[in-house]
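I have placed the structure first, in the form of structure tokens, so that the comments after it can refer back to it.
The values are calculated or read from the model by the stated rules, or taken from the named source; none is laboratory data. Owing to the predicted nature of the structure, the values given are computational and were not obtained by experimental measurement. Positions of Cβ are backbone-derived with ideal geometry, glycine not excepted, and every protein chain shown enters the neighbour counts.
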Amino acid sequence: MNFNNLIKQANKRVEEFKELQRLGMIIKTGEFIPAGVHYPPITEYPDIEYDKMFEGYTMPDDGLLDVYVHIPFCTKQCIFCHYPSHYNSPDEEKDKYLDALEKEMDIYLRTLGIDKIKLRVALIGGGTPTDLTPKQLERFLKMFTSRCDMSKVRQFNYDLSPSTIIGKEGIERLNLLKEYGVDRLTIGVQTMNEEIMRKMNRSHNKKEALKSINNSLEMGFKTNIEFIYGYPGQTVESWYKELKEIVKINVHEIQFYRLKVDAYGDQQGTIKKYEQLHPDDCPSAEDTIRMKQMVFDYLKEFGYNENLRRVFTKQKSNISLYAFNQCCEQKDQIAFGLTGFSSLRDRFILNTQHFEEYYNRIENGLLPFNRGYIRDSEAQQRWALILPLKNYYVRKKRYKEVTGIDIKDSKLYSIIQLLKEYDLIEENEQNIKLTSKGGFFSDEIVGLFYDTKFITKERNLYNDGPLNPFLLN
Ligand SMILES: C[S@@+](CC[C@H](N)C(=O)[O-])C[C@H]1O[C@@H](n2cnc3c(N)ncnc32)[C@H](O)[C@@H]1O
Ligand code: SF4
């Protein structure tokens, strides 16, 4: 599709966007409020009593768990990033962290009363989990896999940055990942525009990013690449140029993130300050909506479809099983490391984001969590609807397993019925899902199912329409 046709299509979405603002569903300023990643939002979790968090918890019937490990080190601090990390740290600091991680895994195993984790899917992320020397990486992989029963593993993912998998050391790291069973890499390319890449303060240039993708593909990893749109300096014209280059890279999966200026978690990245200092450099909400629609229309021509929210693949089977299990199936998962979170049926356990507190807790033989939330029946019903609705679709059978009630008996069902009238949701015997229009505005739609005490923006920022989240709840 040429640029003019893409814009024509995108303008239709902008009209829908404005209409949904009038109806009270989308905030008047149009700013992006990500929703449906966790429920309630992690910023709302209170401090919790240590002994309460595992009280009454029993392992899943099949004994299988998904696992996340967080390695909070990076070469440089990217302007857009809100994740707490340490930059350009000496090797000793990383060794200290790996020591703590090893102890943490052992404390967790004791807490669950098991010798090994029967692993279903693993995701090692950060930070940059490959921002370790090859020797440290090998130590980690050995330590991690020796504490897991790997016989049932379905996917072993690593989220990394390009600069750590190029050159001699990069190839060494890739060989190690392969040797220990990693089969899928997510590489943060972020942009194909060299100037914006520099502005982001990335640790790589475009040539290096492309080289890292090649290395990953050549070594047989399923390869997922990530981009951000709505970034300062981007225009709809420059984004079109980027898209033309992106589709030429033949990978298994492409993810597109709309820029989050306000942090979703507790730490605010420098992008907020940048936006305040350079408002003219930032694309308008309407242009960002256009960029998003351009992704759908342009990628479709090359065989890519959105098979999980914001994830475009040619084949459905290429999606991240970790993300799928977390958001759609809502399987039990445990996490290790700074900021890691465990999601165990009706409860959510969040690790500290402060390095010293992390080390101290583990030194004292305690797990490093300091906040958490045990959902009551109503919160559980919201969680069981919001995550799958946003990311895939709600299977009514699964909803009943997770909540104990039929979705028709939930008080949220009337909102579902209302949204059907606006062509945002559709329902059949088995499933409830967003329409293609609804999928485009998925964050805002699932925001309608939040308890009002968890809506982060003020009431007066929404029009008094029939889809105002404060009036619906
Ligand atoms: C945890 S980050 C880590 C990726 C890896 N360390 C890297 O730099 O390539 C995962 C992805 O989230 C996306 N992301 C991070 N901060 C973002 C923000 N403020 N807005 C939108 N997307 C963001 C980026 O595309 C990034 O690749
Ligand atoms: S985007 Fe990745 S490399 Fe950049 S600061 Fe965040 S975690 Fe580190």
Test E102 against the criterion of being more than 24 Å from the chain's Cα centre (by Cα), over 22 Å from I374 (Cβ atoms) and in the same structural domain as E226 (by TED's automatic domain parsing), and give yes or no.
yes
Test: residue in the range 53-67 that is assigned by TED's automatic domain parsing to the domain that holds Q190 and within 16 Å of ligand 1 (Cβ to nearest atom)
no
Go through the range 327-346 and report how many residues are charged (D, E, K, R) and in contact with a helix residue (DSSP H, G or I) (Cβ under 6 Å, 6 or more places away or on another chain).
2
Number of positions in the range 122-146 that are assigned to a loop (DSSP other than H, G, I, E, B) and touching a helix residue (DSSP H, G or I) at 6+ places or on another chain (Cβ under 9 Å):
6
Single condition E306 does not satisfy, out of (1) within 27 Å of K199 (Cβ to Cβ); (2) surrounded by 17 or more Cβ atoms within 10 Å (Cβ to Cβ); (3) not hydroxyl-bearing (S, T, Y)
(1)
Scan (1) within 14 Å of ligand 1 (Cβ to nearest atom); (2) closer than 24 Å to C282 by Cβ for the single condition E237 breaks and write down its number.
(1)
In the set E226, E275, E245, E237, the lone residue that is acidic (D, E) and either surrounded by 19 or more Cβ atoms within 10 Å (Cβ to Cβ) or within 17 Å of the chain's Cα centre (by Cα) (or both) is E226
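Does the range 447-454 include one or more residues that are within 30 Å of E357 (Cα to Cα) and either surrounded by fewer than 19 Cβ atoms within 10 Å (Cβ to Cβ) or in contact with a strand residue (DSSP E or B) (Cβ under 9 Å, 6 or more places away or on another chain) (or both)?
Within the range 447-454 (the criterion being within 30 Å of E357 (Cα to Cα) and either surrounded by fewer than 19 Cβ atoms within 10 Å (Cβ to Cβ) or in contact with a strand residue (DSSP E or B) (Cβ under 9 Å, 6 or more places away or on another chain) (or both)), the answer is yes, since at least one residue qualifies.
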The condition from (1) in a helix (DSSP H, G or I); (2) under 30 Å from Y45 (Cα atoms) that K420 misses is numbered (2)
A careful count of residues in the range 38-53 that are surrounded by fewer than 16 Cβ atoms within 10 Å (Cβ to Cβ) and either touching a residue at least 60 places away in the same chain (Cβ under 8 Å) or more than 30 Å from D149 (Cβ to Cβ) (or both) gives 7
Condition met for G24 (at pLDDT 95 or above, touching a Phe, Trp or Tyr at 6+ places or on another chain (Cβ under 8 Å), part of a loop (DSSP other than H, G, I, E, B) and not assigned by TED's automatic domain parsing to the domain that holds V121):
yes
Can you tell me which condition F296 does not meet? The list is (1) within 14 Å of G230 (Cβ to Cβ); (2) part of a helix (DSSP H, G or I), and all the others hold.
(1)
Would you point out which residue out of N175, N201 is surrounded by fewer than 18 Cβ atoms within 10 Å (Cβ to Cβ), within 16 Å of ligand 2 (Cβ to nearest atom) and modelled with pLDDT of 95 or more?
N201
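Among the residues of the range 85-108, is there at least one that is under 30 Å from D149 (Cα atoms) and modelled with pLDDT under 95?
Checked the range 85-108: at least one residue is under 30 Å from D149 (Cα atoms) and modelled with pLDDT under 95.
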Specify which of the listed residues (Y257, Y274) is assigned to a strand (DSSP E or B), of a type outside the set (D, E) and within 16 Å of ligand 2 (Cβ to nearest atom).
Y257
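For every residue, the table says whether it meets (1) over 28 Å from A384 (Cβ atoms); (2) assigned by TED's automatic domain parsing to the domain that holds F144; (3) at pLDDT below 95.
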site	(1), (2), (3)
K241	yes, yes, no
H252	yes, yes, no
Q268	yes, yes, yes
I271	yes, yes, yes
D287	yes, yes, no
S317	no, yes, yes
In the range 342-361, which residue that is in contact with a Lys or Arg (Cβ under 9 Å, 6 or more places away or on another chain), of a type outside the set (K, R) and in a strand (DSSP E or B) is farthest from T128 (Cα to Cα)?
F348
Consider D443 carefully, then state whether it is of a type outside the set (G, A, S), assigned to a helix (DSSP H, G or I) and surrounded by fewer than 20 Cβ atoms within 10 Å (Cβ to Cβ).
yes
Out of I165, I187, sole residue that is among the β-branched types (V, I, T), within 15 Å of ligand 1 (Cβ to nearest atom), in contact with a strand residue (DSSP E or B) (Cβ under 7 Å, 6 or more places away or on another chain) and at pLDDT 95 or above:
I187
Filter the range 80-96 for residues that are more than 9 Å from ligand 2 (Cβ to nearest atom), in a loop (DSSP other than H, G, I, E, B) and under 21 Å from the mean Cα position of the chain (by Cα) and give the result.
P84
Mind checking whether some residue in the range 101-124 is within 13 Å of ligand 1 (Cβ to nearest atom) and in contact (Cβ under 8 Å) with a residue 60 or more places away in the chain?
yes
